[in-house]
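Below is one structure, written out as structure tokens; the observations come after it.
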Amino acid sequence: MTSQDSALPEAVAARLPQERRVVTDIPGPNSRALQERRKAAVPPGVGSVLPVQVTDADGGVVVDADGNSFIDFGSGIAVTNVGNANPRVVERVKAQVERFTHTCFMVAPYEGYIAVCENLNRITPGDHEKRSMLVSSGAEAVENAVKIARYATGRQAVVVLDHGYHGRTLLTMTLTAKNMPYKHGFGPYAPEVYRMPLAYPYRWPSGPENCGPEAAAQVIDQITKQIGPENLAAVLAEPIQGEGGFIEPAPGFLPALAEFCRTSGALFIADEIQTGFARTGDLFACEHEGIVPDLITTAKGIAGGLPLAAVTGRAEIMDAVHGGGLGGTYGGNPLACEAALAVLEEIERYDLARRARRIGDIMLPRLRALAERFPAIGDVRGRGAMIAIELVRPGTKEPDPELTAEIARRCHARGLLALTAGTYGNVLRFLPPLVIPEHLLNEGLDVIEEAFAA
Ligand SMILES: *Cc1c(COP(=O)(O)O)cnc(C)c1O
């Protein structure tokens, strides 16, 4: 262990060796055999990034059925921020599973649910009085935020942004920007959803400097002309876009929209499902520009892999809905709540927001140096442990999804689990667990370098 590693949280005093190990082709024979079974049992509409079968995962590695050990730069899409099978998550879930597994909070409540809500009310941006409700998936949280916003404002229009992603249910795929694969053939979509421009610095026509104010002015103008502020229930935005390609809106853009909502009697909803729980170097990405959302949706990193999601918001808004108007059978399942309580303790105990910033401080300079060598890397961006590179045809900004897929494949073949994203499929995104040992982080970056050089 290097001296830097000794600063790591003991959470990764791990069961499995924290190492990259490739002992077969990817996928290996055992994974291929399981892929055959999968083809006969699971429809192709449900895709997978890595064509292997996972048998174990721990800390910053994922192990497959052939004994290959991958460095995890995906965290199950920003879910296992505290490391896979985090020992304290395991411990609390084990204790709970032996007590009771489910009562349904709407039937007979329990303390874990309330404790998770108390914590969310405490740690989310703003010191106003808040309430939280729990559901099982991110899409469900977004659906509920929209329901609550419409109820509380008595208005219907919801504004979302270009490149946005909010889920795959009828309402949330409507809120999502990208047709293929999320919407194609699944219409008709839900009404009263309006899409507006995003302050995308790399692709803003007049350049990144003017991007924030210009984009905000366009959105406000379009809302005013096309919807009417008096009909606007909410603006829903990711503080850094996830599936859209880790696009960090230009400075000033989101604060201007939040302020416009405030003066229009509409709500600003921050979808922090991918950015939350220390991922971006702040507990929530909104904090970076001091935004205090009226409602905030969380999921992914909340419970170390157990299905849990939440809507947190101003007490008067959350309390507006009539009794029994909100809920769901599994929402705030007791196992998931115990996992979330362990996650929140781990984040605070080890200051994982600081760890996320350190990960960004290591990754960004190395990726920028790589961009100097390889002109196919058009943009390097992100905050904390939410980092991406956008690939283009050299000398242009024309997206290069083929090269992106090829680089991802080369990373996989070399034992690095990396994900792609982006409206044009030309973004490689990196989401290491916040507890990843630094030697694995550096080795993962070596692999990316090799993949470009190959
Ligand atoms: C993943 C994601 C969702 C949807 O969450 P699910 O749990 O997959 O339903 C919504 N919003 C954002 C920003 C996401 O990243």
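Scanning the stretch 264-286 for residues that are of a type in the set (Asp, Glu) and away from the ligand (no atom under 12 Å from the Cβ) gives a single hit, Asp282. When the test is whether a residue is surrounded by fewer than 18 Cβ atoms within 10 Å (Cβ to Cβ), out of contact with any strand residue (DSSP E or B) (no Cβ under 8 Å at 6 or more places or on another chain) and among the hydroxyl-bearing types (Ser, Thr, Tyr), Thr24 passes it. Selection over the stretch 245-283 of residues that are in contact with a Ser or Thr (Cβ under 8 Å, 6 or more places away or on another chain) and surrounded by 24 or more Cβ atoms within 10 Å (Cβ to Cβ) gives a count of 10. Report whether or not Glu214 is acidic (Asp, Glu), assigned to a helix (DSSP H, G or I) and surrounded by 17 or more Cβ atoms within 10 Å (Cβ to Cβ). Yes; evaluated as a whole, the condition is true for this residue.
Checked against the criterion of being at pLDDT 95 or above, assigned to a loop (DSSP other than H, G, I, E, B) and not aromatic (Phe, Trp, Tyr), the stretch 68-78 has at least one qualifying residue. Any residue in the stretch 63-92 that is at positive phi and away from the ligand (no atom under 16 Å from the Cβ) sitting within a Cβ distance under 8 Å of a residue that is of a type in the set (Lys, Arg) and not in a helix (DSSP H, G or I)? List the pairs, counting only those 6 or more apart or interchain. If the second residue must be of a type in the set (Lys, Arg) and not in a helix (DSSP H, G or I), the pairs left are Gly67/Arg21; Ala85/Arg15. Pairs are defined by a Cβ separation below 7 Å, a sequence spacing of at least 6 or placement on different chains, a first member in the stretch 224-249 that is without any contact (Cβ under 8 Å) to a residue 60 or more places away in the chain and outside the structural domain of Ala385 (by TED's automatic domain parsing), and a second member that is within 11 Å of the ligand (Cβ to nearest atom) and of a type in the set (Gly, Ala, Ser); the pairs so defined are Pro239/Ala270; Pro239/Ala285. Total residues in the stretch 220-253 satisfying the condition of being at positive phi and either within 16 Å of the ligand (Cβ to nearest atom) or of a type in the set (D, E, K, R) (or both): the figure is 2. On the stretch given as the stretch 296-317, residues that are more than 13 Å from the ligand (Cβ to nearest atom) and buried (at least 24 other Cβ atoms within 10 Å of the Cβ) total 3. For the stretch 100-119, the set of residues classified as touching a residue at least 24 places away in the same chain (Cβ under 8 Å), out of contact with any Ser or Thr (no Cβ under 8 Å at 6 or more places or on another chain) and in a helix (DSSP H, G or I) consists of Gly112, Tyr113, Ala115, Asn119, listed by residue number. Return yes when Val93 is touching a Gly at 6+ places or on another chain (Cβ under 6 Å), modelled with pLDDT of 95 or more and not in a loop (DSSP other than H, G, I, E, B) and no when it is not. So Val93 does not fit the description; no. Residues of the stretch 391-444 that are of a type in the set (Asp, Glu) and without any contact (Cβ under 8 Å) to a residue 60 or more places away in the chain: Glu398, Asp400, Glu402, Glu406. Residue count for the stretch 159-185 satisfying the condition of being surrounded by fewer than 23 Cβ atoms within 10 Å (Cβ to Cβ), in a helix (DSSP H, G or I) and within 11 Å of the ligand (Cβ to nearest atom): 1.
Number of residues in the stretch 131-157 that are buried (at least 23 other Cβ atoms within 10 Å of the Cβ) and either among the basic types (Lys, Arg) or not assigned by TED's automatic domain parsing to the domain that holds Gln274 (or both) equals 0. Scanning for something within 16 Å of the ligand (Cβ to nearest atom), touching a Cys at 6+ places or on another chain (Cβ under 8 Å) and at pLDDT 95 or above, does the stretch 131-145 turn up at least one residue? Within the stretch 131-145, one or more residues are within 16 Å of the ligand (Cβ to nearest atom), touching a Cys at 6+ places or on another chain (Cβ under 8 Å) and at pLDDT 95 or above.
Would you pick out the residues in the stretch 16-52 that are among the hydrophobic types (A, V, I, L, M, F, W, C) and closer than 23 Å to Thr420 by Cα?
We begin by selecting, within the stretch 16-52, every residue among the hydrophobic types (A, V, I, L, M, F, W, C); these are 16, 22-23, 26, 33-34, 40-42, 46, 49-50, 52.
Listed by number, the residues that qualify are Val22, Ile26, Val42, Val46, Val49, Leu50, Val52.
The values are calculated or read from the model by the stated rules, or taken from the named source; none is laboratory data. All of these numbers come straight from a predicted model, not from anything done at the bench. Using ideal geometry, Cβ is built from the backbone for each residue, glycine included, and neighbour counts are taken over all protein chains shown.
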